[in-house]
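For reference, the structure is listed below as structure tokens.
The values are calculated or read from the model by the stated rules, or taken from the named source; none is laboratory data. Just so we're clear, the structure is a prediction, and the values are computed from it rather than from any experiment. Note that we place each Cβ from the backbone using ideal geometry, even for glycine, and neighbour counts take in every protein chain shown. Please note that ligands, DNA and RNA were not included when accessible areas were found on the heavy atoms of the full protein model with its side chains. Shrake-Rupley method; radii C 1.70, N 1.55, O 1.52, S 1.80 Å.
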Amino acid sequence: METTYEKLVQECKRLDRLGSIGGFLAWDERVFMPPQSGDLRGEQNAALAELVHRETVRPEIGKWIDELEGQWEALSRPQQAVVRDARRDYDKRTRLPAAFVARKTKARTASYQAWVRARREDDFPVFLPYLEEQLELAKEEAGYLDASDPYDYWVDDFDPGMNAGIIEPIFRELQPRLKEIVETILADPDQPDKTALRGFDVGAQERFLKEVVRDLGFDFERGRIDSTVHPFCGGHGRDIRMTTRYDPDNPLDSLSSAMHEAGHAMYEQGLPDAFAGTALGSAVGMAVHESQSRLWENQVGRSREFWSYYEPKYRAAFPEPLRSFSSEELFRAINQVALTPIRVDADEVTYNLHILLRFELEKALFDGSLKPAELPEAWNAASARIIGYTPKNNAEGCLQDLHWCEGLFGYFPSYCLGNLLAAQLWYRILEDLPGLPEQIAAADFQPLLQWLRTHVHQRGRLTYTNDFAREVTGAELSPAALVRYLRERYLSLYSPS
Ligand code: ZN
């Protein structure tokens, strides 16, 4: 039996290596690829996807899984996790026709190019047919897997074990509590103004954030940081490709997004590579992934302790633009809360409202109560109601995110679930590491990183998101910790007069 299990693990690792090549092509597409090369990249992606698909559906793999499932009771809990997800992956691959996979990959590249143009020119009709196609492809795929609900299929795809029925009551409870916090913050007549932070040299920003990210524990020998319009973290645990963007008049954005992506990257760098391609070498899902990025970006990066250490360095790097800012003004600017249109620019409080908006619209697109052509209007109405802001155009409305253009439906909820988990993890970690605030104030991030390595990263996907929350944070996934954290952080900074 051991040999069959070992064979499966080795084969998964080989397939991980093969599959990861596409990630580097996608990174290149967003960072360096010339604008007219999209057609070729689409063909390359389709050819590679076909090859990967052919390799991953070999009947031999299916036989190993059958054999191991027949000896289930003799398997250890980690081995069961490996076989459980090998089955899940294998079924997904064998039931998707190769032609469908190739068609989908090619469509995605074309859709991305159309979205870039539509967003640049604020021209939704350019993107509409591609959005319709992506939605149809998403439903078609769910159909091949006999999913009872196509939207749940996609939610589960990004967060195994999760579905809209679990998320809905959590979001329903969260919404009014967020609203209450936002209203209290905005009732303070003395609002900070981070737009007054201007003229931050881009080269100095890059040096500063690389120093911070190195301090956090990102391994530059196995990864790099480049610039892109829409920051993301791609590549592989052994070769992470982080991206960020620099704006001389919005310096906190590049810093917080770099800390965010570093959180994703360090998670990948901490997964056990010996089990790459299996459950034990994989992230739990996107919610846990997002908890890792959010924890570094927010719980750490917006804290007094963090800034007590980095403020003098920040002032040394940018003496001129910071001259007129007191320490308190800078700290409040870092923790500014405002009703704004763009999700990726949103503060950590209102950010969640952006997700509640997308969750509502995605469900409506899938159940047919919302037609893709009606999206701009529906978006603006929902934005006014949920966020309290009406977008001025589609570029700051329904065209702002690339997810749907790439067929990533059901992905958005993970961001908010990740925020819930980050807060749950934070209070759990503070129980184990009561000295953590002092460590952060000394830029000693090793104890925190080690805790995450031990309890989160090295665990791989031993369990799915709900059980992860229960076993690692000690509580069911709920809004409680996030609401507690936001109140603790913001209600001390803002007071309605
Ligand atoms: Zn993220």
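Only Cα sites of segment 114-155 enter the Debye sum here, all with the same form factor; the resulting log10 I(q)/I(0) across q = 0.19, 0.24, 0.28 1/Å is -0.60, -0.72, -0.82, listed in q order.
3J(HN,Hα) couplings calculated from phi for segment 6-21 with the Karplus curve 6.51 cos²θ - 1.76 cosθ + 1.60 (θ = phi - 60°) are, in sequence order, 4, 4, 5, 4, 5, 5, 4, 5, 4, 5, 4, 5, 5, x, 6, 4 Hz; Gly and Pro show x.
In terms of the Cα gyration tensor, with a ≥ b ≥ c the square roots of its eigenvalues, is segment 302-456 rounded because a/c is under 1.5, prolate because a/b exceeds b/c, or oblate? It is oblate, given that a/c is not under 1.5 and a/b is not larger than b/c. Here segment 1-37 is scanned for amide nitrogen atoms under 12 Å from the site 7 Å beyond the Cα of THR94 along Cα-to-Cβ, giving none. Residues whose amide H comes within less than 5 Å of that of SER227, counting only those at least five positions distant or on another chain, are THR244 (H built at 1.01 Å from N in the peptide plane).
Under Stokes-Einstein, with the Kirkwood radius over Cα pairs as Rh, the value for segment 220-304 at 37 °C and 0.692 mPa s is 247 µm²/s. For segment 2-146, the calculated P(r) over all alpha carbon pairs, in 10 Å bins from 0 to the bin holding the longest distance, is 10, 32, 30, 18, 8, 2 percent. The calculated pair-distance distribution of segment 164-285 uses every alpha carbon pair, bins of 5 angstrom beginning at 0, and gives 2, 10, 15, 14, 12, 13, 15, 12, 5, 2, 0, 0 percent.
Inter-label distance, LYS371 to ALA47: 4.1 nm, where each label sits 7 Å from its Cα along the C-beta direction. Between LYS7 and GLN36, the simple spin-label model (points 7 angstrom out along Cα→Cβ) gives 5.1 nm.
Entry comment: accessible area of the chain is 40 Å² per residue, from protein heavy atoms only and a probe of 1.4 Å. Taking a ≥ b ≥ c as the square roots of the eigenvalues of the Cα gyration tensor, an a/c ratio of 1.5 or more together with a/b no larger than b/c marks segment 428-497 as oblate. With Cα atoms defining each centre, segment 136-167 and segment 392-411 are spaced 19 Å apart in the structure. The amide H of ASN393, built 1.01 Å from its N in the peptide plane, has no neighbour under 5 Å, considering only residues 5 or more places off or on other chains. Protein heavy-atom surface of segment 164-490, 1.4 angstrom probe: 50% of the accessible area is carbon and sulfur, with nucleic acids and ligands not counted.
Find out how many positive minus negative residues lie around TYR490, taking Lys and Arg as positive, Asp and Glu as negative, among other residues whose Cβ is under 12 Å from that of TYR490. Taking every other residue near TYR490 into account, the sum is -1.
Taking a quarter of the surface of the Cα convex hull of segment 336-410 gives a mean projected area of 4.6 nm².
Amide H contacts of ILE240: GLY223, ARG224, each under 5 Å away and 5 or more positions distant or on a separate chain (H built 1.01 Å from N in the peptide plane; Pro and chain starts excluded). Taking every DSSP beta bridge that has both ends in segment 164-490, the antiparallel portion is near 45%.
Compared with the dominant Cα axis of the chain, that is its longest principal axis, helix 59-69 is turned about 80°. Between the Cα long axis of helix 202-216 and the first principal axis of the chain there is an angle of about 70°, rounded to the nearest 10.
Restricting the calculation to alpha carbons of segment 154-226 gives Rg and Dmax of 20.4, 47 angstrom. Couplings 3J(HN,Hα) for segment 477-482, derived from phi with the Karplus relation 6.51 cos²θ - 1.76 cosθ + 1.60 (θ = phi - 60°), are 4, 7, x, 4, 5, 5 Hz, where x marks Gly and Pro. Within the shell of other residues whose beta carbon sits under 15 angstrom from the beta carbon of ALA441, the net charge comes to -2, with Lys and Arg scored +1 and Asp and Glu -1.
Note on GLN446 and LEU18: the extension gain reaches 150.8 nm, defined as 0.36 nm multiplied by sequence separation minus the Cα-Cα distance. Kirkwood radius, segment 75-176, all distinct C-alpha pairs, inverse of mean reciprocal distance: 16.2 Å. Counting Lys and Arg as +1 and Asp and Glu as -1 over every other residue whose Cβ lies under 15 Å from the Cβ of PRO319, the net charge comes to +2. In a reduced charge model with +1 at each Lys and Arg Cβ and -1 at each Asp and Glu Cβ, the chain shows a dipole moment near 460 debye about its Cα centre.
In whole percent, how big is the carbon plus sulfur part of the accessible area of segment 2-146, probe 1.4 Å, protein atoms only? Its accessible area is 53 percent carbon and sulfur atoms. A simple rule links phi to the HN-Hα coupling: the Karplus curve 6.51 cos²θ - 1.76 cosθ + 1.60 with θ = phi - 60°, which for segment 222-237 gives 10, x, 8, 10, 10, 9, 7, 5, 10, x, 8, 10, x, x, 9, x Hz, with x for Gly and Pro.
Using the empirical formula 2.2 N^0.38 Å as the baseline, the Cα radius of gyration of segment 11-82 reaches a ratio of 1.56. The chain gives an Rg/Rh value of 0.95, both radii derived from C-alpha positions and Rh following Kirkwood. Helices in the chain, meaning DSSP H runs of at least 4 residues, each add -39500 (n - 2.57). Divided by all residues, the mean residue ellipticity at 222 nm is -20000 deg cm²/dmol.
When the alpha carbon coordinates of segment 262-352 are projected onto the principal axes, the ranges are 53, 31, 19 Å, largest first.
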